[in-house]
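J.: The structure is given below, and queries will be raised subsequently.
The values are calculated or read from the model by the stated rules, or taken from the named source; none is laboratory data. These numbers come from a predicted model, not from an experiment. We place every Cβ from the backbone using ideal geometry, glycine too, and count neighbours over all the protein chains shown. Just the protein is used for accessible areas: all its heavy atoms, side chains included, with ligands, DNA and RNA removed. Shrake-Rupley method; radii C 1.70, N 1.55, O 1.52, S 1.80 Å.
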Amino acid sequence: MTTSRATTQELVVETAGLSKRFGDRTVVRKVDLEVPRGVAFGYLGPNGAGKTTLIRMLLGLTQANEGSMNLLGLPVPARRAEALARVGAIVEEPSFHGHLTGRENLKIVAAVRERAAFDRIDGVLERLGLATRADDRVKTYSLGMRQRLGIARCLLADPELLILDEPMNGLDPAGIQDFRAFVREFVAEGRTIVLSSHLLDEVEKTCSHVAIVDRGRIVVQGAIEKLRDGGRPTLLIQVDDSARARALLSAHAAVDRVVDDGEALRVVLADSAAVGDLNRRLVEAHLNVTRLEPAQASLEQRFLEVTTRLENAA
Amino acid sequence: MSTLAHALPTPRLVSADILKLGKRRGLAAVVALMTVGTVVIANTVIELMHLSDSVKHGPAGGVTMLGHFAWTISALGAAAAAIVAATAGSGDLDSGVYRDLAVTGRSRLAIFASRIPAGLMYLLPFVAGAYAIEAVSSVVFTGSHPAPSSYLLVVTGLWTLLSVTFYYLLALGISCVVGSRSYTIGIVLAWRLALTPLLASIAALGVVRELVPGVALDGLLPAALHDAARQGPRVGMSLAAIAFVLVVWTAAALVAGAVRDTTRDA
C-alpha cells in the first residue's frame with residue numbers, strides 16, 4: 001500500500017487494521033485510514049469496494065471484525081455517543097418520513113440531538129435553500145431537495161465531521177455544482193468532509209485528499225496533489241503512423257507501456273530522462289512527430305495505475 | 001450524562017414520536033373508526049332499533065350492554081393498539097430514518113423507550129373517548145334496565161384502558177422484533193381475536209390457561225358484568241397471579257423488542 005502519511009496534522013478519522021467479513025467474504029481488509037482535519041476527503045473506489053461498509057463501521061451501524069477506529073480523537077465504539085454528537089452523516093441515501101414536512105423531519109432528528117439543534121432548524125433550512133419549501137411534505141421533494149435536506153439534517157449537529165456516502169448519486173449538473181459549493185463552504189468553516197464515491201472525476205473536483213480503495217483494501221491515500229506527482233511521467237505523442245510508432249516505442253527499455261487513446265499515444269515512462277532519445281528514434285524512423293508533450297497528470301491516471309498494478313500482482 | 005440518563009426517553013423524543021404518529025391522517029381515521037366510531041355507530045343503531053320495536057330489541061344502555069361494549073372496545077382497541085404499535089415500532093425502519101437516528105450517537109434504548117409513552121399518549125385518548133361515550137350511553141339509554149353504578153363505570157373504564165395498554169406494549173415489542181407492520185398486526189390480531197378465546201375454552205388445559213394474558217385480563221373484569229365482557233369461560237385466578245402473568249408478558253415483549261432494536265444492523 002502506498003501511503004502519504006499525515007503525521008503532522010490532527011486526524012479526525014483514524015482506523016488501524018479495520019476488517020469486516022460477511023460469512024466467508026471479506027469486504028473491508030485491514031484498512032488503515034487517516035483523514036486530516038479541515039479537508040474534503042474522497043473515499044474513492046468502484047462499486048462493491050467496501051466503501052459503505054467502512055462508513056457503517058465508523059458510525060457504529062455495524063461492528064468490525066478486527067481493528068480499531070478513532071473518530072474526532074475518540075475511540076469508537078467505546079465513546080461512540082460522544083464522538084457522533086459532533087458528526088453528521090448520510091449513509092447510502094438520505095431517508096425521511098415522507099408524510100412529514102421538511103421542517104418536521106428536522107425536528108425529529110433535532111429531538112435526538114442536543115437541545116441547541118432545535119434552534120438551528122430555521123438557519124440550516126435557509127442555508128440549504130429550502131426555507132420556502134420547508135412546510136411541504138417531503139414526499140413532494142425532488143431528489144436534489146432531499147439531498148439538501150439530508151445535508152441540512154447533518155448540520156443540526158453543527159458537525160466537525162461530515163460523512164457523506166455517494167452524495168452525488170442521481171444529482172443533475174446544477175445539483176452537483178451546488179453540492180461542490182457546499183463542500184467548499186464547509187471546509188472553509190473548518191469542518192472535515194469525508195465523501196465516498198465511485199466517480200473519480202467528482203472526487204478530483206471536490207476533494208483535496210483521497211483514499212483509493214479496491215476490493216476492500218486502501219491502495220493509496222493522501223493529498224491529491226501529491227498523489228498526482230507520485231504517478232509515473234507520461235508523454236502524449238502524435239505521429240503520422242501510430243501503429244509503427246507504438247511498436248517502436250514499446251520496444252524501448254525506458255517505456256513502461258503505450259496506450260493509443262485514439263487522439264494520441266499515451267506513453268508511460270519508466271525513466272523520464274529518455275524523452276529526448278524517444279524523440280530522436282521516432283525522427284530517425286522517418287515518423288512525422290506533430291506533438292510531444294508531458295501529459296497532465298490526473299487522478300484517473302493514478303487510479304488506473306494503482307489498480308492495474310494490483311491486477312498484475314494478483 | 002450518566003448511562004442511565006442517556007438511555008431514558010426525554011420529553012423531546014416522546015414529542016417527536018407523537019408527531020410521527022399524529023401526522024398520519026390514515027392512521028388517525030382508522031383508529032378513530034375502530035374506537036369512537038364503532039361505539040357511536042353501534043349505540044345509534046341499537047337505540048334506533050329499540051325505539052322502533054322496544055319489545056323485540058333492548059336499549060343501548062344498561063349494565064349488560066356496558067359489558068358488551070367493554071368487550072367490543074377492548075377487542076377493537078387491541079386491534080387499534082396493534083396498528084399504532086406497529087407504526088410506532090417499525091415506522092422509522094420502514095422509512096429508512098432509523099439509520100439516521102442511530103448515527104446521531106443517541107442511545108438506541110432511549111429511541112426505543114420513547115415509543116412507549118408516545119404511542120399510549122396517542123392511542124389512549126381515542127379509547128378513553130370511546131369508553132366515555134359508551135359510559136354516557138349506558139346510563140342515558142337504559143330503558144327498563146338497571147343503570148350501571150359510578151363504581152362499575154370507573155372500574156370498567158380502567159379495565160378497558162388496561163387491556164388496550166397491555167396489547168399496545170405487547171405489539172410494540174413484537175413490532176421491534178419482526179420489523180414489519182403487517183406481520184405485527186397479523187400476529188396480535190390472531191392472538192387476541194382467535195387464539196385467546198380458543199385457548200381459554202379448552203378446559204383440558206386446566207391451570208395452563210392462566211398463562212394466557214387474555215384470560216388474566218378477564219379475571220380483572222368487574223363481576224357485575226357477568227359474562228357479557230368475557231371472551232371465554234371464567235378461569236379463577238388470584239390478583240397476584242393475574243399481575244404476574246401480565247407483567248411477565250409485557251416485560252418479555254419489551255425486552256425482546258429493546259434488545260432487537262439496540263443490536264440490529266441499522
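J.: Compute the distribution of all C-alpha to C-alpha distances in the protein assembly as shown, in bins of 20 Å from 0, and list the percent of pairs in each, rounded to whole numbers.
T.: Per 20 Å bin, starting at 0, the Cα pair percentages come out as 18, 37, 25, 14, 5, 1, 0.
J.: If I take the Cα coordinates of region A:53-97 and project them onto the principal axes, what are the three extents in Å, biggest first?
T.: Largest first, region A:53-97 extends 33, 23, 12 Å along its Cα principal axes.
J.: Starting from the exponent 0.38 and prefactor 2.2 Å, build the expected Rg for region A:81-201 from its residue count and divide its actual Cα Rg by it. Don't skip to the answer; put the middle values down first.
T.: Values: Rg = 13.5 Å, N = 121, 2.2 N^0.38 = 13.6 Å.
That ratio works out to 0.99.
J.: Quick one: net charge of A:Leu171's neighbours, Cβ under 14 Å, K/R +1, D/E -1?
T.: Value of the local net charge: -3.
J.: To the nearest 20 debye, what is the magnitude of the charge dipole of region B:181-266 about its Cα centre, counting +1 on the Cβ of each Lys and Arg and -1 on the Cβ of each Asp and Glu?
T.: Numbers: 7 positive and 5 negative charges, 23 e Å.
In total the dipole reaches around 120 debye.
J.: Quick one: divide the alpha-carbon radius of gyration of region B:1-71 by 2.2 N^0.38 Å and tell me what you get.
T.: Values: Rg = 21.0 Å, N = 71, 2.2 N^0.38 = 11.1 Å.
With N residues counted in region B:1-71, Rg over 2.2 N^0.38 Å equals 1.89.
J.: Size of region A:1-94 along its principal axes in angstrom, Cα-based, largest extent first?
T.: Result, largest extent first: 37, 32, 26 Å.
J.: Across region B:52-192, what fraction of all alpha-carbon pairs, as a whole percent, falls in each successive 10 Å bin from zero upward?
T.: Reading upward from the zero bin: 12, 34, 25, 17, 9, 3, 1.
J.: Let me ask something additional. Just need the relative contact order of region B:129-266 here, percent rounded to a whole number, with Cα pairs under 8 Å and 6+ apart.
T.: On the way: 110 pairs, mean separation 41.0, N = 138.
Worked out over region B:129-266, it gives 30 percent.
J.: What list of whole percents do you get for P(r) of region A:215-285, with Cα-Cα distances grouped in 10 Å bins up to the one holding the largest distance?
T.: Final binned percentages: 18, 45, 23, 13, 2.
J.: Got a sec? What order do A:Asp122, B:Asp218 fall in by accessible area at 1.4 Å, biggest, i.e. largest, first?
T.: Details: A:Asp122 95, B:Asp218 10 Å².
Of A:Asp122, B:Asp218, the descending order of accessible area is A:Asp122, B:Asp218.
J.: Evaluate the Kirkwood expression for the hydrodynamic radius of chain B, namely the inverse of the mean inverse distance over all pairs of different C-alpha atoms, and round to one decimal in Å. Before the final figure, lay out the partial values.
T.: Working: mean 1/r = 0.0513 Å⁻¹.
It works out to 19.5 Å.
J.: What FRET efficiency, computed as 1/(1 + (r/R0)^6) with R0 = 56 Å and r the Cβ-Cβ distance, is obtained for A:Ala243 and A:Glu189, rounded to the nearest 0.05?
T.: Values: r = 54 Å, r/R0 = 0.97.
The calculated FRET efficiency here is 0.55.
J.: Separate question: Normalised by the residues of chain B, what does the relative contact order come to in percent, with Cα pairs under 8 Å and at least six apart?
T.: On the way: 365 pairs, mean separation 71.5, N = 266.
Computed over chain B, the figure is 27 percent.
J.: Continuing with this model, one more query. Kindly report, to the nearest 10 Å², the accessible surface of B:Val248 as traced by a 1.4 Å probe over protein heavy atoms only.
T.: 70
J.: Also, quick follow-up: What Kirkwood hydrodynamic radius do you get for region B:70-120 when you take the inverse of the mean 1/r over all pairs of distinct Cα atoms, in Å? Don't skip to the end; give the middle numbers.
T.: Numbers: mean 1/r = 0.0822 Å⁻¹.
Taking every pair of different Cα atoms in region B:70-120, averaging 1/r and inverting gives 12.2 Å.
J.: If one computes the Cα centroid of region A:240-299 and of region A:55-124, what distance in Å separates the two points?
T.: 52
J.: Heavy atoms only, probe 1.4 angstrom, no DNA, RNA or ligands counted: give me B:Leu199, A:Leu84, B:Leu8 ranked by accessible area, highest first. Intermediate results must be reported in sequence, preceding the final value.
T.: Numbers: B:Leu199 45, A:Leu84 0, B:Leu8 90 Å².
Largest accessible area first, the residues go B:Leu8, B:Leu199, A:Leu84.
J.: Now a separate question. What number, in nm² with one decimal, is the all-direction average of the projected area of the convex hull of the alpha-carbon atoms of region B:1-122? Don't skip to the answer; put the middle values down first.
T.: On the way: hull surface 38.2 nm².
Result: 9.5 nm².
J.: What is the helix-to-structure angle for A:275-284, meaning the angle in degrees between its Cα long axis and the longest Cα principal axis of chain A, kept from 0 to 90 and rounded to the nearest 10?
T.: 40
J.: For region A:140-186, what is the convex hull volume of its Cα atoms per residue in Å³?
T.: On the way: hull volume 3.4 nm³, N = 47.
Output value, Cα hull per residue: 72 Å³.
J.: Pull out a ≥ b ≥ c, the square roots of the eigenvalues of the alpha-carbon gyration tensor of region B:121-242, then state rounded if a/c is under 1.5, prolate if not and a/b is larger than b/c, and oblate in the remaining case.
T.: Here region B:121-242 falls in the oblate category.
J.: Which value, in square angstrom to the nearest 100, describes the accessible area buried between chains A and B on both sides, using a 1.4 angstrom probe?
T.: Working: alone 15120 and 12320 Å², together 24910 Å².
Summed over both sides, the interface buries about 2500 Å².
J.: Over the whole of A:61-72, what's the average partner chain Cβ count within 10 Å per residue? Rounded to a whole number, please. Provide the component values of the computation, followed by the final result.
T.: Working: counts 7, 3, 2, 0, 0, 0, 0, 0, 0, 0, 1, 0.
Partner Cβ neighbours, averaged per residue: 1.
J.: Follow-up question, since we're still on this one. Taking only DSSP H segments of four or more residues, each worth -39500 (n - 2.57), what value at 222 nm results for chain A once the sum is divided by all its residues, to the nearest 500 deg cm²/dmol?
T.: Details: 12 runs with 111 residues, N = 314.
It comes out at -10000 deg cm²/dmol, rounded to the nearest 500.
J.: So what's the angle, to the nearest 10 degrees on a 0 to 90 scale, between helix B:63-95 and the longest Cα principal axis of chain B?
T.: Between helix and principal axis, roughly 20 degrees.
J.: Can you give the helix-only mean residue ellipticity at 222 nm for chain B, where every DSSP H stretch with n ≥ 4 adds -39500 (n - 2.57) and the sum goes over all residues, rounded to the nearest 500 deg cm²/dmol? Write down the numbers at each step before the final one.
T.: Values: 13 runs with 186 residues, N = 266.
Taken over chain B, the calculation gives -22500 deg cm²/dmol.
J.: Any idea how many Lys pairs in the protein assembly as shown come in under 27 angstrom at the alpha carbon, given 8 or more places apart or on separate chains?
T.: Pairs that pass both the separation and distance tests number 12.
J.: Okay, moving on. Averaged per residue, what accessible surface does the protein assembly as shown expose to a 1.4 Å probe, in Å²?
T.: Numbers: 24910 Å² over 580 residues.
Here the residues of the protein assembly as shown average 43 Å² of exposed surface.
J.: Compare A:His286, B:His50 by solvent-accessible area with a 1.4 Å probe and give them largest first, with all protein chains kept in place. List each step's numbers first, then the result.
T.: Details: A:His286 155, B:His50 30 Å².
Ranked from most to least accessible, the order is A:His286, B:His50.
J.: Okay, moving on. Averaging sequence separations of C-alpha pairs under 8 Å and six or more residues apart, then dividing by the length of chain A, give the relative contact order as a whole percent.
T.: On the way: 588 pairs, mean separation 63.9, N = 314.
It comes to 20 percent, rounded to a whole number.
J.: Now, a different point. Within the protein assembly as shown, what whole-number % of the accessible surface is contributed by carbon and sulfur, with the 1.4 Å probe and all protein chains included in the calculation? Write out the running numbers ahead of the final one.
T.: Details: 14580 of 24910 Å².
Carbon and sulfur: 59 percent of the exposed surface of the protein assembly as shown.
J.: I would also like to ask the following. Just add up the charged neighbours of B:Gly143: K/R +1, D/E -1, any other residue whose Cβ is under 14 Å from the Cβ of B:Gly143.
T.: On the way: positive: B:Lys56; negative: B:Glu47, B:Asp53.
Within the 14 Å Cβ shell, the charges total -1.
J.: Okay, next question. Could you run the Debye sum over the Cα atoms of region A:44-143, one equal point scatterer each and no solvent, and tell me log10 of I(q)/I(0) at q = 0.10, 0.15, 0.18 Å⁻¹, two decimals?
T.: Scattering profile of region A:44-143, log10 relative to I(0): -0.38, -0.79, -0.99.
J.: Let me check I have the definition right: for chain A, take the eigenvalues of the Cα gyration tensor, multiply each by 5, take square roots. What are those semi-axes in whole Å, largest first?
T.: 44, 23, 16
J.: Note the angle between two axes, namely the Cα long axis of helix A:299-313 and the longest principal axis of the Cα atoms of chain A, as a number of degrees from 0 to 90, rounded to the nearest 10.
T.: That works out to roughly 70 degrees.
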